[in-house]
Amino acid sequence: MQDRGPTASTSASVTRVCPSTFDRWQCDQPTGHDGMHRSARGTEHTEWNDRASGRRLSDL
């Protein structure tokens, strides 16, 4: 399994990352963002909506 990327920090000075995950990806957007969740790692790019959050590709 690949790294999910940055996670939310407990530091008040750092922007918090959206907690939404889909399969092996974690949303790169700040908490409370509008629109689709997005993740980009190297050559991998994906978007998902709230209905897919917390699910795995094999569950769909």
**Asked** What number of residues within region 19-56 are surrounded by 11 or more Cβ atoms within 10 Å (Cβ to Cβ) and in contact (Cβ under 8 Å) with a residue 24 or more places away in the chain?
**Response** 13
**Prompt:** Can Asp59 be described as at pLDDT below 95 and under 13 Å from the mean Cα position of the chain (by Cα)?
**Reply:** no
**Message:** If a residue must be open to solvent by 40 Å² or more (accessible area, probe 1.4 Å), of a type outside the set (Lys, Arg) and modelled with pLDDT of 90 or more, how many such residues does region 4-18 contain?
**Reply:** 0
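The values are calculated or read from the model by the stated rules, or taken from the named source; none is laboratory data. From a predicted model like this one, the values you see are computed outputs, not experimental measurements. Note: ideal-geometry Cβ built from the backbone for every residue, glycine included; neighbour counts use all protein chains shown. When the accessible area is computed, the model is the full protein with side chains, heavy atoms only, and any ligands, DNA or RNA have been set aside. Shrake-Rupley method; radii C 1.70, N 1.55, O 1.52, S 1.80 Å.
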